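Please treat every number below as a calculation from the coordinates, not as lab data. Because the structure is predicted, anything quoted here is derived from the model rather than measured. Positions of Cβ are backbone-derived with ideal geometry, glycine not excepted, and every protein chain shown enters the neighbour counts.
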Amino acid sequence: MSGGSRPVEAVEGMVVVKFKSPAPAVQVGLLHNSIGASPSGTIPEINWTAVKLPKGMTVEQGIEFYKNDPLVEDVVPNVIYKTFSTVPNDSFVSIQYGLRTINAFSAWDIEKGFSNKTTIAVIDTGVYGSHSDLYSKIDSNSSRFDSDGNRVNEFPSADICGHGTQVAGIVAAASNNNYGMSGVSWGSQILSLRVFENCVGADEVSISSAVVYAVQQAGYGRVVINLSAGYPPDPGCTGLASSYVNYAVSNGVPFIAAAGNNEIMECPAKLAGAIAVGAVDSSDNVPDFSGKGAELDLVAPGVDVFTTSSEGGFTGSATGTSFAAPHAAGAAALILSALPSATTQQVRDALEQSAKDILTAGKDNSSGWGRLDAYAALSYALGISSSQVTAPQAQAEVKITAFPNPFKPSEHTYLLLDVPIKFLPDDSFKLRIFNQEGELVRTLKSLSWDGKNDAGQKAASGIYIFLLENRTDRAKGKVVLIR
């Protein structure tokens, strides 16, 4: 989809005004009254006011009226943000390849997110707070915001569309708990800030209010903001977007933003203060949809990502830059947990300067500085080398389980293996499947099986043995396949 194919949308009957400082309240009130408009909410920290226009006045007419008044510094529409996701309802395709891709396992040898308190603000559709892998991580100050900027506490948090729950699992799902998945930052709390009233979109006033609220949560340690939504520049981002991004960064809060799924850089990722994240697949290929441009900072896994689902389970099909950004947000939280004195610029430098080149040396418009490497980013921030990190010791062979078991390909599509995190695929990983006669049926580099042999033919009903191996460990198990 080309950059011009999705027009910018805005809330009807509303504009957002920034008055010059100081602007006398009486004169401001008279200005509103002269056309029958009324202020519906303010964000004093960044000096913007949402204004409801009189019936019959268009947004364009409202902008024209206010911009010509000497009291006004800027006026913008209350633009609508869209999530950057493509989430089909099919079976799992992969299992957390993203952690391997960003070198999270080595990063956890340095920092798991427990050294100093960090909070990741997920500004999104909400988070399903009753999920078994999330409920212990949701902060009690989780809230929702309306188009007037009003905040309502929402705990336990709720997700109206499913998008925010998927983002939350990637950043900080409960980890090392013998269940489900691992988040990038084990120790971070999740502050769910719901700005979507429906699945259509979220308005900029709600998002601005959520950003300001997140920045003010200093009692929850260092804060990282993740925003996996945006809108096309027309021709650029609004002054309101610039205000809230600058407010976050100037107050020590890294602002991680998805680059967009429209091939171009979208707002607010396009802004200089944001850390803009595009997508790669499991082979480090940049998909066509991923936002590209000079403003792109880095890329991270964003195709068929394994994460939590708002239905209470998991999905392996989360696709879009929406799911690349939280990998970077989690890595930023690890840096701040290990080094709480780090500035937002130091966090940015660590993420960018340690990224792995996947296209050309240095920065390019398709992958930014390269693909996220959480281990290298931590090492960069702390000034340590890989030789200072203790390598994991080899362990004895363990048994693992598969699900569903029995496996019926006609119903389940894929067999999935439930394994300790040390067995998630790396470059030495190999999964071999044998029949009862000891004949090799399939060799794989993933943790899922479609019930076919290496020739692509359907394997017959029977008992199958699977053997997993990497450089230091072995694991095995069995499954019954029923046709």
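Hey, can you rank 263-269, 63-69, 298-304, 141-147 by average C-beta count inside 10 Å, highest first?
Values: 263-269: 25.1, 63-69: 16.3, 298-304: 29.0, 141-147: 21.7.
The peptides rank, most packed first, as 298-304, 263-269, 141-147, 63-69.
Rounded if a/c is under 1.5, else prolate if a/b is larger than b/c, else oblate: which is region 3-78, with a ≥ b ≥ c the root eigenvalues of its Cα gyration tensor? Present the calculation step by step, with values, prior to reporting the outcome.
Working: a/c = 1.97, a/b = 1.47, b/c = 1.33.
Note, shape of region 3-78 comes out prolate.
Got a sec? How would K55, K18 order by Cβ neighbour count within 10 Å, fewest to most? Mind showing how you got there, number by number?
Details: K55 7, K18 20.
Result, fewest neighbours first: K55, K18.
Under 8 Å for C-alpha pairs, at least 6 residues apart: give me the relative contact order for the chain, rounded to a whole percent. It would help to have the intermediate numbers written out before the result.
Details: 1239 pairs, mean separation 72.9, N = 483.
Relative contact order for the chain comes out at 15 percent.
For each of V11, V127, V195, count neighbouring Cβ atoms within 10 Å of the residue's Cβ, then give the residues from fewest to most. Please report the intermediate quantities before stating the final value.
Working: V11 20, V127 32, V195 28.
Ranked by crowding around the Cβ, least crowded first: V11, V195, V127.
Highest mean first, how do 330-341, 20-31 rank when packing is the count of other Cβ atoms within 10 Å averaged over residues? Walk me through the numbers before you get to the answer.
Working: 330-341: 25.7, 20-31: 11.9.
Descending packing order for the listed peptides: 330-341, 20-31.
Please give the calculated 222 nm ellipticity per residue for the chain, where each DSSP H segment of at least 4 residues contributes -39500 (n - 2.57) and the sum is spread over every residue; nearest 500 deg cm²/dmol?
Details: 11 runs with 101 residues, N = 483.
Taken over the chain, the calculation gives -6000 deg cm²/dmol.
Return F323, F314, F306 ranked ascending by Cβ neighbour count within 10 Å, so the fewest neighbours appear first.
Going from sparsest to densest Cβ surroundings: F314, F306, F323.
As a test, work out the antiparallel percent of DSSP beta bridges whose residues both lie in the chain, rounded to the nearest 5.
65
Which angle between 0 and 90 degrees, to the nearest 10, do you get for helix 204-215 versus the longest principal axis of the chain when only C-alpha atoms count?
70
Per Stokes-Einstein, at 20 °C and 1.002 mPa s, what whole-number D in µm² s⁻¹ belongs to region 95-247, with the Kirkwood radius over Cα pairs as the hydrodynamic radius? Intermediate values should be presented prior to the final figure.
Details: Rh = 15.9 Å.
Reported coefficient: 135 µm²/s.
Does region 217-331 come out rounded, prolate or oblate, given a ≥ b ≥ c as the square roots of the eigenvalues of its C-alpha gyration tensor, rounded meaning a/c under 1.5 and, failing that, prolate meaning a/b above b/c? Intermediate results must be reported in sequence, preceding the final value.
Details: a/c = 1.97, a/b = 1.20, b/c = 1.64.
The shape class here is oblate.
By how many degrees, between 0 and 90 and to the nearest 10, does the Cα long axis of helix 163-172 differ from the longest principal axis of the chain?
For 163-172 against the chain, the angle is about 60 degrees.
Can you tell me the convex hull volume per residue for region 123-165, based on C-alpha atoms, in Å³ to the nearest whole number?
Values: hull volume 2.8 nm³, N = 43.
Cα-based convex hull of region 123-165, divided per residue, equals 64 Å³.
Between region 200-239 and region 299-349, what's the alpha-carbon centroid distance in Å?
Between the Cα centres of region 200-239 and region 299-349 lies a distance of 16 Å.
Please work out, to two decimal places, the log10 of the ratio I(q)/I(0) at q = 0.11 Å⁻¹ from a Debye calculation in which every Cα of the chain carries one identical scatterer.
Debye output, listed in q order: -0.87.
Pairs to check: K363/K430; K112/K270; K18/K52; K117/K137; K458/K478; K117/K270. Give those whose C-alpha atoms are more than 22 Å from each other in this structure. Let's see the in-between values first.
Numbers: K363/K430 33 Å; K112/K270 30 Å; K18/K52 14 Å; K117/K137 12 Å; K458/K478 18 Å; K117/K270 29 Å.
Long pairs (Cα-Cα over 22 Å): K363/K430; K112/K270; K117/K270.
In nm, what is the difference between 0.36 nm times the number of residues separating E439 and N365 and their Cα-Cα distance?
On the way: separation 74, 0.36 × 74 = 26.64 nm, distance 4.81 nm.
Here the segment from E439 to N365 would lengthen by 21.8 nm.
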